[in-house]
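Trainee: Encoded as structure tokens, here's the structure I'll be asking about.
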Amino acid sequence: MKKLTLTMMNPDPLIQFSRWFDEAKQCEHISNPDAMCLSTISPEGLPEGRIVLLKDVNADGFAFFTNTDSPKGLSLRHTPLAALTFYWQWLERQVRIQGSVVSISDSDADRYFSSRHRNSQIGAWSSLQSAVMDTEDELSVRFQHFKEKYRENQVPRPPYWSGYRVVPDKIEFWQGQDFRLHDRFMYSRNSENGWKIERLYP
Ligand SMILES: Cc1cc2nc3c(=O)[nH]c(=O)nc-3n(C[C@H](O)[C@H](O)[C@H](O)COP(=O)(O)O)c2cc1C
């Protein structure tokens, strides 16, 4: 892989991210370029990680959607801080993001929810995300119930289903190199709301 130098890195990490993300999306060997590990801190102070999908990225940060009453939703209510980690194996690249978390507006959540497949919308009503299921068919019974309930109508967005945006304070780009002499560049937000870039040891 071509050695990365500071001059090759865009001064704005969101633009740098978009470049790498576009390259990952264009790579036929990468099946879920938008999959990222979302790490949060539980109300008990324990670390937790799970994959979610990146649904929007802009100058304000990285957005994903979920059940806001799920464990991750409860964790974010308690401690609105998170880390995101992307790994694009074929490109030998990792991106790590750390920041604060804000809720997405109802209108943005409505817009995204209405773009989803009808069955996914009904799925959002059916799933009590991460709650224990007592019987095998509980989920399909609930799915049928909501399918019937909204039969003739548009499926509204459940009150417990929305999105969050991670507003980054730090973004690190990692590019694999031979003999583990990898390139790493850390962007940190400075007091003027610009970005400082530093090369890190691998
Ligand atoms: C490839 C992949 C994509 C996923 N995307 C999402 C997502 O966008 N939103 C979501 O809530 N869960 C998503 N999940 C499920 C989560 O990993 C997790 O199981 C679920 O959100 C419950 O997490 P929690 O109990 O920590 O709240 C995805 C899982 C995988 C494997």
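Trainee: Summing -39500 (n - 2.57) over the DSSP H runs of n ≥ 4 in the chain and dividing by its residue number, what mean residue ellipticity at 222 nm do you reach, to the nearest 500 deg cm²/dmol?
Mentor: -8000 deg cm²/dmol
Trainee: What length, rounded to one decimal in nm, is gained on full extension from N190 through to S115, with 0.36 nm per residue of separation minus their alpha-carbon distance?
Mentor: Contour length minus the Cα-Cα distance gives 23.3 nm.
Trainee: Tell me which trypsin sites (Lys or Arg not before Pro) from region 93-202 have a DSSP coil assignment and no more than 13 other beta carbons within 10 Å of their own.
Mentor: When the trypsin sites (Lys or Arg not before Pro) of region 93-202 are filtered for loop state and at most 13 Cβ neighbours within 10 Å, R151 remain.
Trainee: May I have the extent of the alpha carbons of the chain along their three principal axes, as whole Å values ordered from largest to smallest?
Mentor: Largest first, the chain extends 58, 38, 32 Å along its Cα principal axes.
Trainee: By counting other Cβ atoms within 10 Å of each Cβ, how are E152, E48 ranked from fewest to most?
Mentor: E152, E48
Trainee: Starting at 0 and stepping by 10 Å, how many percent of the alpha carbon pairs of region 1-100 end up in each bin?
Mentor: 14, 44, 30, 11, 1
Trainee: Across region 1-139, how many lysine pairs separated by 8 or more positions, or lying on different chains, have Cα atoms within less than 26 Å?
Mentor: Lysine pairs meeting the criterion: 4.
No lab work stands behind these numbers, since they all come straight from the coordinates. Please read these numbers as outputs of a predicted model, since none were measured by experiment. Every residue, glycine among them, receives a Cβ derived from its backbone with ideal geometry; neighbour counts consider all protein chains shown.
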